[in-house]
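Chemist: My questions will all concern the structure given below.
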Amino acid sequence: MAEGVLDVLVVGAGAAGLALGVDLARRGVRALVVERDGRLFPGSRGKGIQPRTMEVFDDLGVGDAVRAAGGPYPVGMIWRDGERLGEHAMWDPAEVEEGSPYHEPWMVPQWRTQEALFARLGELGGRVEFGRELVGITQDAEGVTAGFADGTTVRARYAVAADGGRSTVRRLLGIGMTGETVDPNPVLVADVRIRGLDRDHWHIFPAADGEGFLSLCPLAGTEDFQVSAQMPAAEGKGGAAIDLSLAGLRAVVAARSHLEPGDVTEVRWASDFRPRAALADRFREGRVFLVGDAAHVHSPAGGQGLNTSVQDAYNLGWKLAAVLSGAAPEGLLGTYEEERLPVAADMLGLSTRIHRGEVRRGAATRQLGLGYRDSSLAVETRTALPAEALRAGDRAPDGVRAGLRLFDAYRGPHWTLLVVGGAPAPAELPGARTVRIPSYGAYGDGTFLIRPDGYVGWAGPTAEGVGPYAAGVGVLRA
């Protein structure tokens, strides 16, 4: 490509776009993130970071910052007529397992998560250009040309749409979305300052007297509360405007709780939306890929949207880098949609069922069990495995053996060849870090080639036969 042409243009500086920017930057990929707005998103909306996403953040180098910016979720407190009815567990309890250092969701307001990713991107030499509104996109056999409202253009070998549920890029590509309204009632969400409530509980005021529900959740790491309020179906998009002013928020809180209007002292951010579930018909059009809300729109119930979005980026980043470097064939990029579209569909269904009260927030919401067993990148050469055995395509669990923590060995943009127990030691595999540990029940004896995103790519009783697989996915030239 000509000098000055980018490797990747990322449209949208939300959590998915920034996470992808970080992953590409640490791999030496020439990427640019552009954002239509003049600043990062200022609200708390996606506030729940699931255990699997915390693992991803650790690998990307923002784990400490995200932990420092948030805190554990408080227990729910149910109110009625100004009286506390009792505590309510918001999640089923998690079983503590050696395979992950994280077991419960971590509350971090979305704006703080994005600040951590933005800072990390800067540390790695990446950049975000704000105030860049994309208005056109074309592509040819060599790359993508993006046109902006100010008349400028950017040329890149690939582009990624991370520009949200109303994605301009998706619309310009003509990619449809299939979905449904999860709830006919819109939801008001805002970050406010409130007096008269403790910060040890997530305060819940069930619907009563014709009013919708109200919840007031103290936002960890801040002095704010997040207000969530179900509004009448006649209001919101296409109907009467929802009042997002201080006076409007005061009226809603006072009508549905024992608090006085003046107890809401400040509105720091406010928005409204109509809960829906929608999935893009495809996640790729030529040299352009969809990630995050551009590809799937969730109800916020269960905290799956931001987490699924970050993991889209984590799946795509290493594949783009491998193809751009010439280490892997272009066909590797076809596995992005193959792997992520089914996961997104499953998470959409889970979010919708939680929103409707059909299931509780449990193990599935933590996303530690997600994997890619059916992917063409999952090659399992062992036979007669027990039902509970780790297989190719599964997430590679953590653990400490012989003084080595596995996640420390996996951390970074490399592949890892893990030899467990009595499997013969292989010759070095160029492009992969070789690690040997004693027998570990979570793996079983054998040899495992761990992908850069922490999933088992290839598994066998020995390393025999791993070479052709490694060559096909870019390991040998990584």
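The values are calculated or read from the model by the stated rules, or taken from the named source; none is laboratory data. The structure presented is a predicted model; accordingly, all values stated were derived computationally and were not measured. Cβ atoms come from the backbone with ideal geometry, glycine included; neighbour counts cover every protein chain shown. Remember, those area values only see protein heavy atoms, side chains included, never the ligands or the DNA or RNA. Shrake-Rupley method; radii C 1.70, N 1.55, O 1.52, S 1.80 Å.
Chemist: Taking segment 367-392 as the region of interest, how many residues are within 19 Å of V466 (Cα to Cα) and within 24 Å of the chain's Cα centre (by Cα)?
Modeler: So the answer is 10.
Chemist: Checking the condition touching a residue at least 12 places away in the same chain (Cβ under 8 Å), touching a His at 6+ places or on another chain (Cβ under 9 Å) and closer than 16 Å to Y455 by Cβ, which residue from T308, T335, T352 passes?
Modeler: Exactly one of T308, T335, T352 is touching a residue at least 12 places away in the same chain (Cβ under 8 Å), touching a His at 6+ places or on another chain (Cβ under 9 Å) and closer than 16 Å to Y455 by Cβ, namely T308.
Rundown of residues vs (1) within 25 Å of M231 (Cβ to Cβ); (2) surrounded by fewer than 17 Cβ atoms within 10 Å (Cβ to Cβ); (3) polar (S, T, N, Q), yes/no style:
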site: G174; (1), (2), (3): no, yes, no
site: T178; (1), (2), (3): no, yes, yes
site: T181; (1), (2), (3): yes, yes, yes
site: I204; (1), (2), (3): yes, no, no
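Chemist: When I242 is evaluated against the numbered criteria (1) assigned to a loop (DSSP other than H, G, I, E, B); (2) in contact with a Phe, Trp or Tyr (Cβ under 9 Å, 6 or more places away or on another chain), which criterion, by number, is the only one it fails?
Modeler: Single failed check for I242: (2).
Chemist: Does V62 meet the test of being surrounded by 21 or more Cβ atoms within 10 Å (Cβ to Cβ), farther than 14 Å from L117 by Cβ and among the β-branched types (V, I, T)?
Modeler: The answer is no for V62.
Chemist: I need the full set of residues from segment 408-430 which are open to solvent by 30 Å² or more (accessible area, probe 1.4 Å) and touching a helix residue (DSSP H, G or I) at 6+ places or on another chain (Cβ under 9 Å), in order please.
Modeler: Passing the criteria: R411, P413, P426, P430.
Chemist: Counting only residues that are basic (K, R) and more than 30 Å from T222 (Cβ to Cβ), which one in segment 1-57 is most open to solvent (accessible area, probe 1.4 Å)?
Modeler: R30
Chemist: Working only within segment 357-374, note down all residues that are open to solvent by 70 Å² or more (accessible area, probe 1.4 Å) and either under 18 Å from L341 (Cα atoms) or modelled with pLDDT of 75 or more (or both).
Modeler: If the condition is that a residue be open to solvent by 70 Å² or more (accessible area, probe 1.4 Å) and either under 18 Å from L341 (Cα atoms) or modelled with pLDDT of 75 or more (or both), then G369, R373, D374 are the ones that fit.
Chemist: Do any strands (runs of 3 or more DSSP E) entirely within segment 1-118 hold 3 or more residues that are under 14 Å from the mean Cα position of the chain (by Cα), and if so, which?
Modeler: Of the strands (runs of 3 or more DSSP E) lying wholly inside segment 1-118, none has at least 3 residues that are under 14 Å from the mean Cα position of the chain (by Cα).
Chemist: Taking the condition modelled with pLDDT of 95 or more, farther than 23 Å from R340 by Cα, surrounded by 17 or more Cβ atoms within 10 Å (Cβ to Cβ) and not charged (D, E, K, R), does L377 pass?
Modeler: The answer is no for L377.
Chemist: If we keep just the residues of segment 456-478 that are out of contact with any helix residue (DSSP H, G or I) (no Cβ under 9 Å at 6 or more places or on another chain) and of a type outside the set (G, A, S), which is nearest to D23 (Cα to Cα)?
Modeler: Restricting to residues being out of contact with any helix residue (DSSP H, G or I) (no Cβ under 9 Å at 6 or more places or on another chain) and of a type outside the set (G, A, S), the top hit is V456.
Chemist: It is to be established whether one or more residues within segment 158-166 are of a type in the set (G, A, S), surrounded by 19 or more Cβ atoms within 10 Å (Cβ to Cβ) and in a strand (DSSP E or B).
Modeler: yes
Chemist: Return the residues of segment 88-120 that are among the hydroxyl-bearing types (S, T, Y) and open to solvent by 30 Å² or more (accessible area, probe 1.4 Å); say none if nothing qualifies.
Modeler: Y102
Chemist: Hey, another quick one. Determine if segment 270-281 includes at least one residue that is open to solvent by 50 Å² or more (accessible area, probe 1.4 Å), of a type in the set (K, R) and not in a helix (DSSP H, G or I).
Modeler: Taking every residue of segment 270-281 in turn, at least one turns out to be open to solvent by 50 Å² or more (accessible area, probe 1.4 Å), of a type in the set (K, R) and not in a helix (DSSP H, G or I).
Chemist: Tell me which residues, restricted to segment 65-81, are among the small types (G, A, S) and either surrounded by 17 or more Cβ atoms within 10 Å (Cβ to Cβ) or under 17 Å from C217 (Cα atoms) (or both).
Modeler: A65, A69, G70, G71, G76
Chemist: Of everything in segment 274-308, what is among the hydrophobic types (A, V, I, L, M, F, W, C), within 12 Å of A162 (Cα to Cα) and at pLDDT 95 or above? Give them in sequence order.
Modeler: If the condition is that a residue be among the hydrophobic types (A, V, I, L, M, F, W, C), within 12 Å of A162 (Cα to Cα) and at pLDDT 95 or above, then F283, V288, F289, L290, V291, A294, A295 are the ones that fit.
Chemist: Do the conditions hold for Y336, that is, is it among the hydroxyl-bearing types (S, T, Y) and farther than 25 Å from W111 by Cα?
Modeler: yes
Chemist: Find the residue count for segment 195-221, including only residues that are part of a loop (DSSP other than H, G, I, E, B), in contact (Cβ under 8 Å) with a residue 40 or more places away in the chain and closer than 15 Å to R84 by Cα.
Modeler: Summing the residues that are part of a loop (DSSP other than H, G, I, E, B), in contact (Cβ under 8 Å) with a residue 40 or more places away in the chain and closer than 15 Å to R84 by Cα in segment 195-221 gives 5.
Chemist: Just to be sure, is R395 under 17 Å from the mean Cα position of the chain (by Cα) and open to solvent by 20 Å² or more (accessible area, probe 1.4 Å)?
Modeler: For R395, the condition - under 17 Å from the mean Cα position of the chain (by Cα) and open to solvent by 20 Å² or more (accessible area, probe 1.4 Å) - is met.
Chemist: Sticking with this one: For a quick check of your reading of the model, give me the residue pairs whose first member lies in segment 34-61 and is under 30 Å from E266 (Cβ atoms), whose second is open to solvent by 30 Å² or more (accessible area, probe 1.4 Å) and of a type in the set (K, R), with beta-carbon atoms closer than 7 Å and at least 6 apart or on different chains.
Modeler: E35/R132; R36/R132
Chemist: Do you know which residues across segment 318-356 are open to solvent by less than 20 Å² (accessible area, probe 1.4 Å) and either within 16 Å of R287 (Cβ to Cβ) or charged (D, E, K, R) (or both)?
Modeler: K319, L320, A321, A322, V323, A328, L332, L333, T335, Y336, E339, R340
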